[in-house]
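**Q** Can you keep this structure in mind? I'll have questions shortly.
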Amino acid sequence: MGMKFVVLVVIVLAVIAVAQIMRVYELSSKLRGKREEELSLKTNNINASLMLVFLLIFFGSFFYMLFAYGRGMLPNAASEIGQDIDWLYNVNWVIVIFVFLSTNTLLFVFSWKYAYDPNRRAHWFPHDNRLEMIWTIIPAGALAVIIILGLMTWNEITGEPSDDAQIVEIYAKQFDWTARYSGDDNKLGYSDYKLLGTFEDSESGKSYSNALGVVSHNSINWRVKGINNEIAELKETIEKEANNELAFSEARVNQMITKVEKLERIRERVLDMVGMYDDSVVKFADDDYMATELFLVKDQEYYFVLRSQDVLHSAYFPHFRAQMNCVPGQRTTLRVKPIYTTQEMREITGNPDFNYILMCNKICGVSHSNMKMAVTVGTQEEFDEWRYTDGITSMALPDTISAPSNLNMERMKMPEAAHHGDHGDDHHSDDHGHENGGH
Amino acid sequence: MSAAAHTDHGHHKESFITKYLFSQDHKMIGKQFLVTAIFMAIVAVILSILFRIQLAWPGESNSVLSFFLGDTWAPDGVLDRGMYLGLVTIHGTIMVFFVLTGGLSGTFSNLLIPLQIGARDMASGLLNMISYWLFFLSSILMLYSLFLETGPASAGWTIYPPLSVYEEAIPGSGAGMTMWLTSMTIFIASSLIGSLNYIVTVLNLRTTGLKMTRLPLTIWAFFVTAIIGVLSFPVLVSAVVLMLMDRGLGTSFYVNDTIINGEILEQSGGSPILYEHLFWFLGHPEVYIVLLPALGLTSEIISTNARKPIFGYRAMIGSILAIAFLSFIVWGHHMFVSGMNPFLGGVFVFTTLLIAIPSAVKVFNYITTLWKGNIRFTPAMLFSIGLVSSFITGGVTGIILADSALDIAVHDTYFVVAHFHVVMGLSAIFGMFAGIYHWFPKMYGRMMNSKLGMVHFWLTLVSAYGVFFPMHFVGIGGAPRRYYDYSVYELFDSNQFQMIMDLNVVISIFAIVGGLAQIIFLFNFFYSASKGQKAVQNPWKGNTLEWTTPVEHVHGNWPGELPVVHRWPYDYSKPGAEEDYIPQTVPLAPGEEDH
Ligand code: HEM
Ligand SMILES: [Cu+2]
Ligand SMILES: [Cu+2]
């Protein structure tokens, strides 16, 4: 129904517009003989008055919207930093709205007041150094205040997390989020995109899904076996094709050959990982657990470590006033300390259905607008309860399987250092994630 | 200066082809840019109305959508999700590059530089012609990409990788993106050739007496814009070429450790952030490439129609130069939440907020120019006043965004969309309209209907603010941009969902009204071009040199000798003078002060 109404409005407006064109056009052709550039005093004055009328309507609707929608109907910030941000907003709004109102007023009032008058001559006033100094220095002063306050808040926001901040990984992919809690040791297990996947072992009949590419000795075994299987299957198909058992196009076969080559190269890179992580590092993953929703404890500081599997995403918590992009192949971080539980927020907003949310705020594909994760803030007790509910999987550590034959013993030797080398995912991020076990 | 070289102009006969198609005359080329840009703008407006329909009435069947998009992209009259992103992307690209860069600079730099500096033509007519035809070609390619089977580029006008690299990530990153990249590369070539030509012309072909300190502010603006373009567009070319290599040759400049659609990719070691830096190194100067010409045009128009010298001429030049310089060191403000080093973020906060100072100086100078003026509200003047208003409104939200701590909360929301539309969609577009109304007699030798112009202005001003003002509130409420719909809001806050939906309906209705209002302009433009009242030589009683040329175009602009300049262009209402204007060609009276 709404649609039909709008279509109707549009049609009516279109007709009015066209009629207006015709009418004005007729009017002006009647007046032909009068030059287009010579505006009659009356026309000029109408425009002058419209300047004032517009100003009033403009400001009127501004105040109406300010009153009706305020902070876009967002409730008070629900995080510690968010409150500082809101305070800074208010200071800035005062300055900026003052400038907006006063300069727009001057503009439209002058336009109205100094409308053409045949008996007056414009005032010759080409420049005035003193005035120009004034309106260079005053904005500069105001901006100095804005800059100083802004940078102070910025430094606070981006500062190091405190020692008792909980580390939680937020992992983005088209088009959902996964959270990984770092467990009792508050250290995330290492991860590498090359290990990611779901694998089956035909010998033992076991299977293992490594959704976040977490590193462990066994997950490397699984991955290599997985690749071995994939390659074997492909090769078999190619062989069959060579024996004319299948009727694939040449392009398809070439595609498969390319794929085999690629998998072999990736396998080589996975094999390089063997021995790069010793037990002291691998064990970080042991107590990690994953969830597809985020449960946070009130007044607990969190240090989110963000990763992405595919394209850019952005973790956006409007109620915490917090946002950070998720960049493939890189780690970014975000500090949040919620200060109201979901329940408290429901009371504050007077909305019994209120919930926190994590949205994706960087265009990431066709279903970008559906990429979200539910967020709950509760007490420690509630969290402990939640922690052991069904949806929360512990890291599902891989079962031990026999090492694939192509893991030769030479490679298995542990080097001294726990980690070194250039395996993309882990060691080139020099961000704060490092010290705190942000791996 | 090199006047003699051109005196044979105007003698040889021109065929239809050399006059209208492959013209090397700057006036004709300016008009070609303008008409092409108007066409592109119509397309871009229609695209925006299509996605505004979806935003206001999500999921409802709509015959307008079926009509324009057919069953492929609007099955049952409901906009396809992928196509929604395609529309947004191409709308933005066309508006920023094809309308406000090619259209604005291309039209007015071409038309006005030779006319206002007293030159017979551009330094190189041939390059100028090539510049237009490259622009034309790139426009065709960009439009053609809308008809591709897999859809046009759909990664947003900023085409951030890896989304723009892999067609498995989004269908638009297949052929559509290839077309986008090709089109933009050609576009940039056009823009560079044009800019070099403008720079050389301004530096070398000014007529006798026209010192740089006597140049109209229009020319200063075009000149500086061209310099910004020459320094920044090449960086976009590199960005685009690197992307083409990542897409086609398996290099990893921008990509790292990705798994797309379950398929593990080998590319490793690059960074999408590198692309963001390259893109915004052009992207920010680009916003001033868009705005400065508009400011230049309105400086001239406001002074002429207030019958007053522009206040603080030298300060105006100074602020153009300051803005140009600063525009190169602020790009990081688009990347506050990209994971960039926070210290670097702080530096960008500082440089960005500095830009507000020269911007404020410009605004105050405009306002002072109006003070005690004698204002004639021609349509051009109306649009210029509209420009100043929207420049204030959009400038102050820029200050909010420049504060990194605040930007975190609204980055990539409709607040940003509102901000840049107020400065581009209002200010820069208003500047373009103002320029068209004001210099129409120089382009077509006829006048546009001023009453229609006024109706057009007031409808446009109200509907444009009606679209973009509420958008700030949607954005502050945390509504992300580039969302197909806001159904996620229903899940967590029904009140807010309601607010967004209400405002979205208001916005879309204003968008439709504003779009329709442009029919008045189109009618006025095309009707007046052929049937409008014949113009007189100097209809607005202006001082600049273009008003000393004959109404009918001649090759070489002035039939006889080139004019000689004796004064600055802003001697309006000078005490002691008979008339309220003194053209630049009038010698200083004995004892009269140069400005
Ligand atoms: C006082 C002057 C200005 C300041 C301080 C300013 C500041 C900013 C900032 C900080 C952003 C990034 C916001 C974000 O993405 O979160 C931004 C975005 C933008 N600004 Fe401005 N701005 C100013 C004037 C202008 C002008 C004059 C234009 C164009 C004519 C403009 C066009 C844009 C555009 C196109 C974007 C967003 C592009 C995108 O993300 O798609 N700005 N501005
Ligand atoms: Cu996403
Ligand atoms: Cu910028």
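**Q** Which of the GluC sites (Glu not before Pro) across the range B:487-561 are loop residues per DSSP, with 16 or fewer other Cβ within 10 Å?
**A** Of the GluC sites (Glu not before Pro), the ones in loops of the range B:487-561 whose Cβ has at most 16 other Cβ atoms within 10 Å are B:E552, B:E561.
**Q** From the phi angles alone, apply the Karplus equation (6.51, -1.76, 1.60; θ = phi - 60°) to the range B:300-308 and give each ³J(HN,Hα) in whole Hz, x where the residue is Gly or Pro.
**A** Each residue's phi maps through the Karplus curve to give 5, 5, 5, 4, 4, 8, 8, 6, 9 Hz.
**Q** Something else about it: What longest range of chain B stays clear of loop-exposed trypsin sites (Lys or Arg not before Pro) (DSSP non-H/G/I/E/B, at most 15 other C-beta within 10 angstrom)?
**A** The segment B:212-595 is the longest one with no such site.
**Q** Quick one: angle between helix B:175-204 and the longest Cα principal axis of chain B, in degrees between 0 and 90, rounded to 10, please.
**A** Long axis of B:175-204 versus the principal axis of chain B: about 20 degrees.
**Q** While we're looking at this one, here's another question. Check which residues have an amide H placed less than 5 Å from A:S191's amide H, if you skip close sequence neighbours.
**A** Answer set, sorted by chain and number: A:V215.
**Q** Take the eigenvalues of the Cα gyration tensor for the range B:349-506, scale each by 5, and report the square roots as semi-axes in whole Å, largest first.
**A** Taking √(5λ) for each eigenvalue gives 34, 21, 12 Å, largest first.
**Q** What dipole magnitude, in Debye to the nearest 20, does the range B:25-548 give about its Cα centre under +1 on Lys/Arg Cβ and -1 on Asp/Glu Cβ?
**A** The calculation lands at about 3220 debye.
**Q** If you average the alpha carbon positions of the range B:288-316 and of the range A:305-321, how far apart do those two centres end up, in angstrom?
**A** One Cα centre to the other: 43 Å.
**Q** Nearest-5 percent of antiparallel DSSP beta bridges in the protein assembly as shown?
**A** Percent antiparallel among DSSP bridges in the protein assembly as shown is about 75.
**Q** Just need the relative contact order of the range B:25-548 here, percent rounded to a whole number, with Cα pairs under 8 Å and 6+ apart.
**A** 14 percent
**Q** As an exercise, identify the GluC sites (Glu not before Pro) in the range A:200-287 lying in DSSP coil whose Cβ has no more than 16 other Cβ atoms within 10 Å.
**A** Qualifying residues, ordered by number: A:E203, A:E245.
**Q** In whole Å, what are the Cα extents of the range A:39-118 along the three principal axes, biggest one first?
**A** Result, largest extent first: 62, 21, 13 Å.
**Q** Let me ask something else about it. If amide H atoms are built 1.01 Å from N in the plane of the peptide, which residues on other chains or at least 5 residues away come under 5 Å of the amide H of B:E592?
**A** none
**Q** If you don't mind, another one. Which lysines does A:K113 reach when only Cα atoms under 30 Å apart count, and residues fewer than 8 places away in its own chain are ignored?
**A** A:K34, A:K42, B:K308, B:K362, B:K372, B:K451, B:K541, B:K574
**Q** For the range A:172-268, with equal point scatterers placed on the C-alpha atoms only and solvent neglected, what are the log10 I(q)/I(0) values from the Debye formula at q = 0.13, 0.22, 0.24, 0.25 1/Å, to two decimals?
**A** After summing over all Cα pairs, the log10 values are -0.61, -1.13, -1.20, -1.23.
**Q** Would you order A:L358, B:L522 from fewest to most other beta-carbon atoms within 10 Å of each residue's own beta-carbon?
**A** Least crowded to most crowded, the residues run B:L522, A:L358.
**Q** Against the longest alpha carbon principal axis of chain B, how many degrees, from 0 to 90 and to the nearest 10, is the axis of helix B:26-56 turned?
**A** Once rounded, the angle reads 30 degrees.
**Q** So, one more: So if R0 is 60 Å, what FRET efficiency would B:F147 and A:R130 give, r being the distance between their Cβ atoms, rounded to the nearest 0.05?
**A** Efficiency for this residue pair is about 0.50.
**Q** Once phi is turned into ³J(HN,Hα) by the Karplus curve 6.51 cos²θ - 1.76 cosθ + 1.60 with θ = phi - 60°, what whole-Hz value does each residue of the range B:490-501 show in order, with x for glycine and proline?
**A** Once θ is set to phi - 60°, the couplings for the range B:490-501 become 4, 5, 10, 7, 5, 4, 5, 4, 4, 4, 4, 5 Hz.
**Q** Something else: Which listed residue (A:W93, B:S63, B:Y198) has the Cα farthest towards the positive end of the charge dipole for the protein assembly as shown, taking +1 on Lys and Arg C-beta and -1 on Asp and Glu C-beta about the Cα centre?
**A** B:Y198
**Q** The protein assembly as shown: percent of C-alpha pairs farther apart than 54 Å?
**A** In whole percent, the long-distance tail amounts to 22.
**Q** Given H placed on each backbone N at 1.01 Å, which residues far from A:T333 in sequence or on other chains put an amide H within less than 5 Å of it?
**A** Residues meeting the criterion, in which the H sits 1.01 Å from N, are A:L306.
**Q** For the range B:451-512 and the range A:54-70, what is the separation of their C-alpha centers, rounded to whole Å?
**A** 14 Å
**Q** Something else about it: What's log10 of I(q)/I(0) for chain B at q = 0.10 Å⁻¹, Debye sum over Cα points only, no solvent?
**A** -0.87
**Q** Something else: Ordered by residue, what ³J(HN,Hα) values in Hz, to whole numbers, does the range B:466-471 give under the Karplus form 6.51 cos²θ - 1.76 cosθ + 1.60, where θ = phi - 60° and Gly and Pro are x?
**A** Karplus values, whole Hz, x for Gly and Pro: x, 6, 8, 5, x, 4.
**Q** Still on this structure, please answer the following. With a point put 7 Å past each Cα toward its Cβ, work out how far A:I348 is from A:E268 in nm, to one decimal.
**A** For A:I348 paired with A:E268, the spin-label model returns 5.6 nm.
**Q** Mind checking which lysines have their C-alpha under 27 Å from B:K19, skipping anything on the same chain fewer than 8 residues away?
**A** Candidates past the 8-residue exclusion: B:K27, B:K31, B:K442, B:K531, B:K534.
**Q** When the Cα centres of the range A:123-176 and the range B:547-571 are compared, how far apart do they sit, in Å?
**A** That distance is 48 Å.
**Q** What lysines sit close enough to A:K235 to cross-link, taking a C-alpha to C-alpha distance under 19 Å and skipping anything fewer than 8 places away on the same chain?
**A** A:K225, A:K259, A:K262
**Q** Expressed as an acute angle from 0 to 90° and rounded to the nearest 10, what is the orientation of the C-alpha long axis of helix B:104-117 relative to the principal long axis of chain B?
**A** Value to nearest ten degrees: 20.
**Q** Output needed for the range B:471-595: three equivalent-ellipsoid semi-axes, defined as square roots of 5 times the C-alpha gyration tensor eigenvalues, in descending order, whole Å.
**A** Working through the eigenvalues yields semi-axes of 54, 22, 13 Å.
**Q** Using +1 on the beta carbon of Lys and Arg, -1 on that of Asp and Glu, and nothing else charged, what's the dipole of the protein assembly as shown about the Cα centre, debye to 20?
**A** The calculation lands at about 6340 debye.
**Q** Please compute P(r) over all alpha-carbon pairs of the range A:103-235, binned at 10 Å starting from zero, and give each bin as a whole-number percent.
**A** 8, 18, 17, 11, 10, 10, 10, 9, 5, 1, 0
Taken together, the values in this text are just the output of simple stated rules run on the coordinates, not laboratory data. Predicted model, so just to flag it, every value in this text is computed and none were measured. Heads up, the Cβs are rebuilt from the backbone with ideal geometry, glycines too, and the neighbour counts pull from every protein chain shown.
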